[in-house]
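These notes are about the structure you will find just below.
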Amino acid sequence: MLWQPALPDRYYAMSDEDLAQAIAARREQLGDILLILGHHYQQDEVIQHADLTGDSLKLSRLAAEEASKRGTKYIVFCGVHFMAETADLLTDDAVAVILPDLSAGCPMADMAEYDDVVEAWESIHAVLGNDWNGRVIPIAYVNSSAAVKAFVGEHGGACCTSSNATEIFGWALAGGERPAGNNEQIKVLFLPDQHLGRNTASRFGLITEVDGAAGRGPSDIAVWDPRLEGGGIREQQIRSATILLWAGHCTVHMRFCPEHVDQVRREYAETGGITVIVHPECRKEVVDRADDVGSTEYIISRVEQAEPGTNWAVGTEVHLINRLAKRAARRGVNVRLLGDCLCLCAMMYRINPQHLLWTLDNLAHRKVVNRIQVPPEVKHHARLALERMLSHTGQTPSELILAR
Ligand code: SF4
């Protein structure tokens, strides 16, 4: 986590209304040179000031397009650290990407540190040996640091999002950039979210996690835990598994339990039933019990198209659910949180109106604070991993506005 200096006391002495007015005034003053991005999981007091809202990759891509159209100089990303890095990867170098609170890091992304990834890669290959006829193709969920994305890009892998993970897994299992040769064994190293990895692997029939068996039989998946000696798995597991998952997780989506699904179904059994929809960062036991699973954007579109009179229980971040519920109620659709867990992204919550105003006050004086810059030597390979993802999901690299 990066260190964020304390703000002057005056920001905390302001009322919510005064903060909102001051932010609006600064936006007006800065005009088109400023673009504020708000991730779906942000609190209302912040997202009301966003020019664009969305999930992390969508926001970065939209921002790249908008910034070049408007002549934007500053992008203020109301999200977490890896999102600001992604925006920096996708925008022109002349655009400064700013994170209002430097301590807003994603716990899941932080679970895959670059040095640990390098160590795991070397250990896995040492176990597989020089005689092994195969390749390990790494896939990095976009919720990862730029350094990890770069590692993946440099080693023939690609990024993925929660909406295209299945396509990218298919691409990797077929050999990635180079189709698998005769008898060549392909393994996937997926990081950092073991749950998205497990949920996606199950779509390919890869579900078992018992050790001791070979090939795609009873030992499809092994989990590498960087906190444990040798990843906490036996060499035989590394040899037999097709999918090697990193032991990372989202601290928000992990909170949902299978019992929450059972409970909500019981509650609505007499009143027309309820549709349970969850994010694929939830545990597989939860996803298996749900009616539907999909990315944040998918969940939003499903709920927005729901028939009046229907009930929906949603397993994702609470700020988004509350906004969805308010909008849906106007159409007679009942939307509620799945379970009674505290599923708030505490890191996203660090971006508050005080930090947003402080950032804008500095920009008004042409002072850039909290700029997030991916080092040039990291950019090339991190972009390569993103480009591969786009070119293998029906999009072209030219859709990305990359500064070269
Ligand atoms: S919701 Fe989960 S994955 Fe997203 S920023 Fe928070 S901890 Fe990270």
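The values are calculated or read from the model by the stated rules, or taken from the named source; none is laboratory data. Remember, it's a predicted structure, so these values are computed and weren't measured experimentally. Note that each Cβ is placed from the backbone with ideal geometry, even for glycine, and that neighbours are counted across all protein chains shown. With ligands, DNA and RNA removed, areas are computed over all heavy atoms of the protein, side chains included. Shrake-Rupley method; radii C 1.70, N 1.55, O 1.52, S 1.80 Å.
Could you give me the residue pairs with C-beta distances under 9 Å whose first residue belongs to the stretch 244-261 and is closer than 19 Å to VAL223 by Cβ, whose second residue is of a type in the set (Gly, Ala, Ser) and more than 16 Å from the ligand (Cβ to nearest atom) wherever it lies, and which are 6+ apart or on separate chains?
LEU244/ALA120; LEU244/ALA222; LEU244/GLY231; LEU245/ALA201; LEU245/ALA222; TRP246/ALA120; ALA247/GLY231; ALA247/GLY232
Residues that are free of Cβ contacts under 8 Å to residues at least 12 places away in the same chain and either out of contact with any helix residue (DSSP H, G or I) (no Cβ under 6 Å at 6 or more places or on another chain) or not assigned by TED's automatic domain parsing to the domain that holds LEU99 (or both): find the helices (runs of 4 or more DSSP H) completely inside the stretch 1-77 holding 1 or more of those.
10-13, 16-30, 56-70
VAL117 is checked against (1) touching a Gly at 6+ places or on another chain (Cβ under 8 Å); (2) crowded, with 20+ Cβ neighbours inside 10 Å; (3) assigned by TED's automatic domain parsing to the domain that holds PRO179; (4) of a type in the set (A, V, I, L, M, F, W, C) and fails just one. What number does that condition carry?
(1)
Of the residues VAL127, VAL117, VAL97, VAL148, which is of a type in the set (Val, Ile, Thr) and within 16 Å of the ligand (Cβ to nearest atom)?
Matching residue, one of VAL127, VAL117, VAL97, VAL148: VAL148.
Do we find a residue being open to solvent by 60 Å² or more (accessible area, probe 1.4 Å) and within 16 Å of the ligand (Cβ to nearest atom) anywhere in the stretch 257-276?
No, because not a single residue in the stretch 257-276 is open to solvent by 60 Å² or more (accessible area, probe 1.4 Å) and within 16 Å of the ligand (Cβ to nearest atom).
Working only within the stretch 238-259, note down all residues that are touching a Pro at 6+ places or on another chain (Cβ under 6 Å) and either on the phi > 0 side of the Ramachandran plot or hydrophobic (A, V, I, L, M, F, W, C) (or both).
Selection gives TRP246 alone.
Only one of these conditions is not met by THR86: (1) open to solvent by less than 10 Å² (accessible area, probe 1.4 Å); (2) outside any helix (DSSP H, G or I); (3) under 30 Å from VAL46 (Cβ atoms). Which number is it?
(2)
For the stretch 136-246, which fully contained helices (runs of 4 or more DSSP H) count at least 3 residues that are open to solvent by less than 10 Å² (accessible area, probe 1.4 Å)?
Fully inside the stretch 136-246 and qualifying: 146-154, 165-173, 194-202.
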